[in-house]
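This report concerns only the one structure given below.
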Amino acid sequence: MRIRALVIRIIRQFLRDKRTLAMMLIAPLLILTMLHLVFNGDDYIPKVGLVDVPDSVMEKLDIDKAEITDYNSEKAAREAALNHTIDGYVVFEGTMVDKIVLEGSDPSVNGAVMKWFQQATKKLLPSQGQLEMNIDYIHGSEDMGQFDYFGPVLLGFFAFFFVFIISGISFLRERTSGTLEKLLSSPLRKWEIVIGYVLGFGIFTMLQATLIAWYAIYVLGMLMEGSFIYVLLITLMLSMTALTLGTLLSAFANNEFQMIQFIPIIIVPQFFFSGLINLDTISDWLSWLGPITPLYYAAEALRDIMVRGYGWDAIYGNMLMLAGFSALFMFLNILALRKHRAV
């Protein structure tokens, strides 16, 4: 009878906690569905430029499995590759292939371009024999591995994940312990409380972000073509976004367990739609999730610095987006304080 009473109490507790019940039953289905849609997407279609290709050669090329763009000069094709309009280009000298130039920052895309090239030029082999490919890379090299490409995403993800969890739980404890209630009853304004908490937690966030970036690059040996200062700035801005988002969502949690329940909804989608999986292979009705998440912009900025070796001109737009997310979450934090007590 005592065991029965305990079982009944636990069942009733779960039934009363609708959020926990929903997370147990719905969240796994949501994540599995997301994984299915992401990993069962269409094959990547390479975007290839052709420079000075003769009409006689064009007729023999099998171009059905790629998006082809013709260019009159190598300079125009190279500029398109730098702008990510194409993944690479093939330069012809007469009827012969002179060289192949790959944008190079994504090994999987490089492989797709080379696979297409080998299939597309099969009809040229009888007249040219075995094609000797002179391959150049704008970014990276043939020795570049998947970890070098995924590294910036992982760096941003771990910085975001741990700051989000730690800041959310810490702010939740401030509220459940009564400290926040005392501050709300003081002369402090709501915006002063939010900024004070953000700056206070931000000091440790800066230390964590610095340590993660330094360890990944100088200990684990992640590819690093640009300036470490820019990597640090991006990581700090992303951590600030995670900090403000964590404190915001903690206002809607009653305990640490409920705070952790936000992970499948907030963290998991960002991980998959931040560029870890090529968004061109995901259905259009699903790929829109990427641009509304902070990690999407941080990962792209980190790749521009770490893999492509770009500078501030390439990342300032993404930095502005991260700053905008932080400002939005801080504003919502101020509004969320009204949920507890009006000042």
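Summing charges over neighbours of Y149, with a neighbour being any other residue whose Cβ is under 10 Å away from its Cβ, gives -1 when K and R count +1 and D and E count -1. Classify the stretch 264-337 as rounded, prolate or oblate from the Cα gyration tensor: take a ≥ b ≥ c as the square roots of its eigenvalues, call it rounded if a/c is under 1.5, otherwise prolate when a/b beats b/c and oblate if not. Here the stretch 264-337 falls in the oblate category.
Estimated at the nearest 10 Å², the accessible area of D313 is 130 Å² with a 1.4 Å probe. Which of rounded, prolate or oblate describes the stretch 144-244 when judged by the alpha-carbon gyration tensor and an a/c cut-off of 1.5? Prolate is the answer for the stretch 144-244, as a/c is 1.5 or above and a/b outweighs b/c. Label separation (L332 vs Y218): 3.6 nm, computed from points 7 Å beyond Cα along the C-beta direction. Near P107, once Lys and Arg are set to +1 and Asp and Glu to -1 for all other residues with Cβ below 14 Å from its Cβ, the sum equals -3.
Across the stretch 69-113, the relative contact order, built from alpha-carbon pairs under 8 Å that are at least six residues apart, equals 28 percent.
The values are calculated or read from the model by the stated rules, or taken from the named source; none is laboratory data. Please read these numbers as outputs of a predicted model, since none were measured by experiment. In this analysis, Cβ positions are derived from the backbone assuming ideal geometry, glycine residues included, and neighbour counts consider all displayed protein chains. Areas reflect the complete protein model, heavy atoms only, side chains present, ligands, DNA and RNA absent. Shrake-Rupley method; radii C 1.70, N 1.55, O 1.52, S 1.80 Å.
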